1. Residue by residue through region 114-167, note down the ones that are within 16 Å of the ligand (Cβ to nearest atom), free of Cβ contacts under 8 Å to residues at least 24 places away in the same chain and closer than 30 Å to Glu91 by Cα.
2. Looking only at region 375-392, decide whether some residue is touching a strand residue (DSSP E or B) at 6+ places or on another chain (Cβ under 7 Å), hydroxyl-bearing (Ser, Thr, Tyr), over 19 Å from Gly180 (Cα atoms) and within 16 Å of the ligand (Cβ to nearest atom).
3. As an exercise: evaluate Tyr342 against (1) of a type in the set (Phe, Trp, Tyr); (2) more than 16 Å from the ligand (Cβ to nearest atom); (3) open to solvent by 60 Å² or more (accessible area, probe 1.4 Å) and give the number of the one condition it does not meet.
4. Any idea which of (1) within 18 Å of Asn40 (Cα to Cα); (2) within 9 Å of the ligand (Cβ to nearest atom); (3) of a type outside the set (Lys, Arg); (4) without any contact (Cβ under 8 Å) to a residue 24 or more places away in the chain is the one Ile173 doesn't satisfy?
5. Test Met276 against the stated conditions and say whether it is surrounded by fewer than 19 Cβ atoms within 10 Å (Cβ to Cβ), more than 29 Å from the chain's Cα centre (by Cα), aliphatic (A, V, I, L, M) and modelled with pLDDT of 95 or more.
6. Considering each of Ser231, Ser285, Ser192 in turn, give the residue that is among the small types (Gly, Ala, Ser), surrounded by fewer than 18 Cβ atoms within 10 Å (Cβ to Cβ) and farther than 26 Å from Phe73 by Cα.
7. Only residues that are open to solvent by 40 Å² or more (accessible area, probe 1.4 Å) and of a type in the set (Gly, Ala, Ser): list them for region 1-28, please.
8. For residues that are basic (Lys, Arg) and under 19 Å from Val248 (Cα atoms), tally how many sit in region 332-368.
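The values are calculated or read from the model by the stated rules, or taken from the named source; none is laboratory data. A quick note: this is a predicted structure, and the numbers were derived from the prediction, not measured. All Cβ positions, glycine included, derive from the backbone under ideal geometry; neighbour counts span all protein chains shown. Surface areas here come from the heavy atoms of the whole protein model, side chains and all, with no ligands, DNA or RNA. Shrake-Rupley method; radii C 1.70, N 1.55, O 1.52, S 1.80 Å.
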Amino acid sequence: MTDFPSQADVLIIGAGAAGLMCASVAGKRGRSVLVLDHANKVGKKILMSGGGRCNFTNLYTAPDNFYSENPHFCKSALARYTQWDFIALVEKHGIPYHEKTLGQLFCDNKSRDIVDLLLAECREAKAQIRTRCEIQRIEPVADESKAKGFEVHTSLGKVVCESLVIATGGLSIPTMGATGFGYDVARQFGHSIVPTRAALVPFTLNQRALERQQELPGTSLAVTASCGEGSFHEQMLFTHKGLSGPSVLQISSHWKKGMPVEFDLVPGLDLPEWLMEQRGKKQESFLHTLLTEFWSKKLVQFFLHRNGLQSKPLKQYGDSELREVGKKLQTWSLIPEGTEGYRTAEVTLGGVNTDEVSSRSMESMKQPGLYFVGEVLDVTGWLGGFNFQWAWASAHAAGGEV
Ligand code: FDA
């Protein structure tokens, strides 16, 4: 390894998705760039993302796919560096990819391809990267009371820089190196933090509920999950701790302790009316047999039992009874005990308040020369490649200015 640089035009803390993208953009403008990370290797979350295949963007990315106290903040950066720009970069590097579902683009091979892409771009931009580097202290350097950059003290030495970019991400998966460092730096310079909580995270259920569903872990079904203003039509998965799957991860971003979550278990169909029609055609059929059109046998038993229903031939149900049975079976409302928390959450909701950051350049309005990019900001995407697209777009915006 070469000597530790004591000076850089741009110092970026965090060698994840946003930090590496920002480094390559700034470096290609001729700025000298140093990226520091405390982890033993770069891009750990990219490597573990998308089940090892990195869902690197979404064809349908739009500002509506993001949560923030200020929903307008993300618009400018997303419009100036779009999903098409990142796809062009992926194609430039010859990385094979495919659309899995709902516009979600995944690598055909491994997430490693995306880390290699970013490292190649950084090499081309002559950006230097150092891992296993602890950041100890940041001091603004003032010259005749005018801000003149920063002095950053680290375990590898001191660096003086003009621009300082905080790209340290959110709090999810601490074992992968996630810390609240970015929020601490923001507070040091007078920023406020929108309260954070784990999102895109499985729900946990109480012991009684878990005992009831003990035959079901691994079973999934298509549902519409709704909570507050959110509603998502995707798969739900029973787990040993509670519920997961894309619909649950998505709706967890709308959920707060104590709120009920509603599942439509036969989305797109009016089950009471459907049962009435079936009774006209298949009078001798048992209810449980008909329900296997939608659910596995185990799920049919579970939903019947949960509602205290016996299965009878359809002809034995009266009109109002059959409609009532259909209504009960169609919806499931429950109050999760909690979530699995940052241990397994994909992202952190909340973060550095975007009212105090320029949406054009990502520069702090409190401290000239200080920038925030990626997940550390109060911008959180839906499941499906949106969080990486935010990392690329916000980093690109800052990289053009630092
Ligand atoms: P990121 O977390 O990538 O990088 C932050 C960097 O800062 C890390 O390298 C970390 O080590 C470093 N750091 C932290 N504290 C530090 C400190 N004190 N000192 C020095 N360095 C420090 N999104 C998506 O769009 N598609 C997907 O498929 C997935 N899949 C996925 C799976 C899993 C399991 C998780 C946990 C997350 C996802 N995500 C995702 C979300 C996505 O990974 C996330 O939004 C981006 O990585 C955020 O990029 P950042 O660069 O902001 O942070």
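1. Within region 114-167, Asp116 is the sole residue that qualifies.
2. Our first condition is that a residue be touching a strand residue (DSSP E or B) at 6+ places or on another chain (Cβ under 7 Å); within region 375-392, this holds for 375-381, 384-390.
Now narrow it down to the ones that are hydroxyl-bearing (Ser, Thr, Tyr): 380.
Those still in the list that are over 19 Å from Gly180 (Cα atoms) too: none.
Within region 375-392 (the criterion being touching a strand residue (DSSP E or B) at 6+ places or on another chain (Cβ under 7 Å), hydroxyl-bearing (Ser, Thr, Tyr), over 19 Å from Gly180 (Cα atoms) and within 16 Å of the ligand (Cβ to nearest atom)), the answer is no, since none of the residues qualifies.
3. (2)
4. (4)
5. Details: surrounded by fewer than 19 Cβ atoms within 10 Å (Cβ to Cβ): yes; more than 29 Å from the chain's Cα centre (by Cα): yes; aliphatic (A, V, I, L, M): yes; modelled with pLDDT of 95 or more: yes.
Criteria met by Met276.
6. Numbers: Ser231 fails: farther than 26 Å from Phe73 by Cα; Ser192 fails: farther than 26 Å from Phe73 by Cα.
Step by step, each of Ser231, Ser285, Ser192 is checked, and only Ser285 is among the small types (Gly, Ala, Ser), surrounded by fewer than 18 Cβ atoms within 10 Å (Cβ to Cβ) and farther than 26 Å from Phe73 by Cα.
7. Applying the first criterion (open to solvent by 40 Å² or more (accessible area, probe 1.4 Å)) to region 1-28 yields 1-4, 6-7, 9, 28.
Answer for region 1-28, where residues must be open to solvent by 40 Å² or more (accessible area, probe 1.4 Å) and of a type in the set (Gly, Ala, Ser): just Ser6.
8. Looking only at that region, the number is 1.
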